[in-house]
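S.K.: One structure, pasted below without further comment.
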Amino acid sequence: MRTGQEVVFGLWCRLTGHDPFDFGVEELEAFLARPQVDELAQTSYAVLLHAGVTVAKRDSLPLERWLGAVRAVAQVSA
C-alpha cells in the first residue's frame, strides 16, 4: 500500500506528465519534504484529482496552487 505522500507524488507526476522514475532519490526526498505534501496527503484522492485537474497547466502544477484548490473544494463541501 502506498503512503499518502506517495499518492500525492504519483498523481502530481500523472497530472504534469512527468515520469516518476526520472526522479532521483534526492529529488524525490526534496519533493516529499515540501510542507504542502503532508497536507495534500491527508486529502481524499477524488478531491486531489479534481483540484489538480483544475489548476494544472501543461507540465506545471505548483503545490501551493494545488493546496489552495483543495482548500477551496473542502470549503464548498463543508
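The values are calculated or read from the model by the stated rules, or taken from the named source; none is laboratory data. It should be emphasised that the depicted structure is a prediction, and the values quoted were computed from it without experimental measurement. Backbone-built Cβ (ideal geometry, glycine too); neighbour counts: all protein chains shown. When the accessible area is computed, the model is the full protein with side chains, heavy atoms only, and any ligands, DNA or RNA have been set aside. Shrake-Rupley method; radii C 1.70, N 1.55, O 1.52, S 1.80 Å.
S.K.: Give, in nm to one decimal, the length gained when the segment between Val53 and Val25 is fully stretched (0.36 nm per residue of separation minus the Cα-Cα distance). Write down the numbers at each step before the final one.
M.R.: Values: separation 28, 0.36 × 28 = 10.08 nm, distance 2.65 nm.
Full extension from Val53 to Val25 adds 7.4 nm.
S.K.: Another question about this same structure. What figure, in Å² to the nearest 10, do you get for the accessible area of Arg71 with a 1.4 Å probe and non-protein molecules left out?
M.R.: 120 Å²
S.K.: Relative to the longest principal axis of the C-alpha atoms of the chain, give the angle of the C-alpha long axis of helix 45-55, reported between 0 and 90° and rounded to the nearest 10°.
M.R.: Tilt relative to the chain: about 90 degrees.
S.K.: Could you size up the charge dipole of the chain around its Cα centre, putting +1 on the beta carbon of Lys and Arg and -1 on that of Asp and Glu, and report it in debye to the nearest 20?
M.R.: The calculation lands at about 440 debye.
S.K.: Once Cα extents along the principal axes in Å is worked out from the coordinates, which option in (i) 31, 29, 22; (ii) 38, 26, 21; (iii) 30, 25, 21 does it equal?
M.R.: Identified label for the calculated read-out: (ii).
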